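Student: One structure, as structure tokens, below. Some questions next.
The numbers here are math on the coordinates, done by the rules we state, and not lab data. Computed from a prediction, not measured in an experiment: that's the story for all the values here. Heads up, the Cβs are rebuilt from the backbone with ideal geometry, glycines too, and the neighbour counts pull from every protein chain shown.
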Amino acid sequence: MNTVIQIDQLSKSYVVPVRGAGVRASIASLVRRKTRTVEAVKEISLSVDAGEIVGFLGPNGAGKTTTLKMLSGLLHPTSGTASVLGFEPWKRNNGFLEQITLVMGQRNQLIWDIPVIDSFDRNRVIYRLTRDEYRQRLDELVELLELSELLSKPVRNLSLGERMKCEVAAALLHHPRILFLDEPTLGLDVSMQRRLRSFIEQYNKRTGATVLLTSHYMADVVALCPRVVVIHHGVLLFDGKLADLVRKFSAQKTLVLELEEGQEDLSRFGQVVSQEGSRATIRVPKQDTAEVTARILRELKVQDLNVADPPIDEIIDQVFSGGMA
Amino acid sequence: MHWLRALKAYPAFLRISLLSNLQYRASGAIWMIGSVLEPVVYLTVWSTVARSHGGSVGGYTPEEFAAYYMMLLLVNHMTFTWVMHEFQYRIQYGQLSFALLRPIHPIHEDIALNVSFKAVQLAVILPAVILLSIAFHPKFDVEPSSIALFLPALAMGFLLRFLVEWTLALAAFWTTRVSAINQSYFSVQMLLSGRVAPIALLPTWVATAAGFLPFYYASGFPVDVALGHLTREEVLRGYGIQLVWITVAGVVISLVWKHSARKFTAVGS
């Protein structure tokens, strides 16, 4: 596989002014400004192959967006190196910019007051597409994202979901080889999230483009990203398959029991999550799973027993609230 | 190289920005009220002064003041820009981030946006000039040769003012309080451009300073050219000064832009 993104020890720190509350502190800060350095990203290293879809996970302020911004060329790192398609991103060579795209869920680049199609036409000119290329790509995107009704509407008249679809289409007209998607599904309803997700997947399959995506919605990551990168407090905690993440970080297993005889006190086996009628869910430490399962089977009349990992959201939550597991 | 490539984008940029500007024709027209009122106020003041001084001040009769301010209204409309007001907003709302990631310098779209705005709003300014002419009886002694000399002066005046103000707008990268800078600039511009009074009426040392600074060459100078106030030599010298300032501002922009983009990408937004 050929590597399209190579990051080495990439760090970014910001200097932010510090000031106490109140007038005295304000006056003091006039004379001497106190500052503090915030390390947003600390020595991250990773490499991405062409065609991969990588999901960046982490709570707000973890450093995901900062990382994407460095890789797309919007931010200059404090130290470390990065090469994207052989370019140093923050030099923003035209040759580089023509091959990437950045979509930010909470910001828009379409022109507010004029029909969507005119914003598309602006990108045709900026990215120097021939009329034929433009026509063909536009038709494709219009079909995949169901945009035909929207093209003649001014952007300000679109709903959030409609606007995001158009934003994504505009960002892809030049057929970028690398997509940086920062919270692309932010604020969208579930069905719109799903459609956008399946579109990103299709685009990746069709064009072989590499996708780096950040999202708060685990569903995005579970559906799209075979590989996840977990960043917390600017530090890379995990880089690998989603399944391995679950294995690594889940300290507990969930046992779902279907009992023959109704109520039974199950607290001697583990933490009871729920118990309704004959159905019960208990949680046990991972290393005790085998032993507890054996005991349950010995001591109770069980119709059905299922061992599962806790929901991925819970695992992630655990990772972030407890730091490194 | 970059410029040649960018030039090809202009037809589409102009068309698209024309659409945007047409969307705002009503609010644009309201903006224009201010532009129309300002010269009317100064014209009224100076006409009154001229009459009370026995018919003229510094060689200007009320009718000549009228001609000067009608022409200034037109020229000022053609050369003013709003980029200094807009830059802070662009940085704040992330528009600049997108602009930086496009393989074309953001200044080109700004030029297109300004040019098309002027074209659209001429529909307001021209009738205003005609109506005010009926009211104030300007004395126009405009010769065809003056018009021929006026057009390059006007075009360079626009470019000069645009480049200077675009450069100053970059201050928004360093400070969040650009309005203070803007205010100082507009005060100086007001006086030295010939908007408060024709430069010929200002104290000698101010007029001399204005003769070297860029402000006059984007407003008063094209007016003086059109009205035939200047000798051929003075016009050519004015062109020269315009070209010098355009070059200076162009060089400064290309240097400062790199720095400010670097500054922006160091701080982030």
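Student: Provide the FRET efficiency to the nearest 0.05 for the B:E233-B:L19 pair, computing r from the beta carbons and using R0 = 41 Å. Can you show the working numbers first?
Tutor: Details: r = 44 Å, r/R0 = 1.08.
Given R0 = 41 Å and the Cβ-Cβ separation, E is 0.40.
Student: Next up: Using the alpha-carbon atoms, what tilt in degrees (0 to 90, nearest 10) does helix B:232-267 show relative to the longest principal axis of chain B?
Tutor: The helix B:232-267 is inclined about 30 degrees to chain B.
Student: Going down the table (A:K165/B:K8; A:K165/A:K205; A:K91/A:K165; A:K91/B:K263), which pairs top 20 Å between alpha carbons? Walk me through the numbers before you get to the answer.
Tutor: Numbers: A:K165/B:K8 28 Å; A:K165/A:K205 18 Å; A:K91/A:K165 29 Å; A:K91/B:K263 13 Å.
Flagged as over cut-off: A:K165/B:K8; A:K91/A:K165.
Student: Using the count of nearby Cβ atoms within 10 Å as a rough guide to exposure, how do A:K205, A:K253, A:K64 rank from fewest to most?
Tutor: Numbers: A:K205 11, A:K253 21, A:K64 28.
Fewest-to-most Cβ neighbours within 10 Å comes out as A:K205, A:K253, A:K64.
Student: For chain A, what's the relative contact order in percent, using C-alpha pairs closer than 8 Å and at least 6 residues apart? Working shown, then result.
Tutor: Numbers: 556 pairs, mean separation 59.6, N = 325.
Across chain A, relative contact order equals 18 percent.
Student: Could you put B:F150, A:F238 in order, starting from the residue whose Cβ has the fewest other Cβ atoms within 10 Å?
Tutor: Working: B:F150 23, A:F238 19.
Result, fewest neighbours first: A:F238, B:F150.
Student: Now for a separate question. Pairs to check: A:K248/A:K286; B:K118/B:K139; A:K42/A:K69. Give those whose C-alpha atoms are more than 21 Å from each other in this structure.
Tutor: On the way: A:K248/A:K286 11 Å; B:K118/B:K139 26 Å; A:K42/A:K69 15 Å.
Violating the 21 Å Cα-Cα cut-off are B:K118/B:K139.
Student: On a 0 to 90 degree scale, rounded to 10, what angle separates helix A:116-126 from the longest Cα axis of chain A?
Tutor: The angle comes out near 70 degrees.
Student: Also: What does the structure give for B:202-210 when I average, per residue, the other chain Cβ atoms found within 10 Å of the residue Cβ?
Tutor: Numbers: counts 0, 0, 0, 0, 0, 0, 0, 0, 0.
Going residue by residue through B:202-210 and averaging, the value is 0.
Student: Taking every residue in A:69-78, how many Cβ atoms of other protein chains lie within 10 Å of its Cβ, on average?
Tutor: On the way: counts 5, 2, 0, 3, 4, 11, 7, 8, 2, 1.
Per residue, the number of nearby Cβ atoms from other chains is 4 on average.
Student: Once you place label points 7 Å from the Cα toward the Cβ at A:E291 and A:R36, how far apart are they in nm?
Tutor: A separation of 4.5 nm, rounded to one decimal place.
Student: Using the Kirkwood formula on the Cα atoms of the protein assembly as shown, what hydrodynamic radius do you get, in angstrom to one decimal? Walk me through the numbers on the way to the answer.
Tutor: Numbers: mean 1/r = 0.0349 Å⁻¹.
This gives a value of 28.6 Å.
Student: Give the percent of DSSP beta bridges with both residues in chain A that are antiparallel, rounded to the nearest 5.
Tutor: Values: 43 of 61 bridges.
Roughly 70 percent of the DSSP beta bridges within chain A come out antiparallel.
Student: Whose amide H sits under 5 Å from the amide H of A:K253, counting only residues 5 or more places off or on another chain, with H placed in the peptide plane?
Tutor: A:V284, A:K286
Student: Further question: From the C-alpha coordinates alone, can you work out the Kirkwood hydrodynamic radius of chain A, in Å? Write down the numbers at each step before the final one.
Tutor: Working: mean 1/r = 0.0439 Å⁻¹.
Kirkwood hydrodynamic radius for chain A: 22.8 Å.
Student: What are the residues whose amide H is under 5 Å from the amide H of A:V229, where those residues sit 5 or more places off or on another chain and H is modelled from the backbone?
Tutor: A:G55, A:F56, A:L57
Student: Before rounding to the nearest 500, sum -39500 (n - 2.57) across all DSSP H runs of length at least 4 in the protein assembly as shown and divide by the residue total; then give [θ] at 222 nm in deg cm²/dmol.
Tutor: Numbers: 23 runs with 322 residues, N = 594.
After summing the helix terms and dividing by the residues of the protein assembly as shown, the value is -17500 deg cm²/dmol.
Student: Could you tell me how many degrees, from 0 to 90 and to the nearest 10, lie between the Cα long axis of helix B:62-79 and the main elongation axis, the longest principal axis, of the Cα atoms of chain B?
Tutor: Relative to chain B, helix B:62-79 is tipped by roughly 10 degrees.
Student: Based on a Kirkwood Rh over C-alpha pairs, give the Stokes-Einstein translational diffusion coefficient of chain B at 10 °C and viscosity 1.306 mPa s in µm²/s. Intermediate results must be reported in sequence, preceding the final value.
Tutor: Working: Rh = 19.8 Å.
After rounding, the answer is 80 µm²/s.
Student: Which distance in nm do the two modelled labels at A:A219 and B:W31 give, with both placed 7 Å along the Cα-to-Cβ direction?
Tutor: 4.3
Student: Label A:R194 and A:E149 with points 7 Å out from Cα along Cα→Cβ: what is the distance between them in nm?
Tutor: For A:R194 paired with A:E149, the spin-label model returns 1.8 nm.
Student: Would you kindly state how much longer the chain becomes between A:K248 and A:Q9 on full extension, computed as 0.36 nm times their sequence separation minus their alpha carbon distance, in nm to one decimal? Walk me through the intermediate numbers first.
Tutor: Numbers: separation 239, 0.36 × 239 = 86.04 nm, distance 2.36 nm.
The A:K248-A:Q9 span can extend by a further 83.7 nm.
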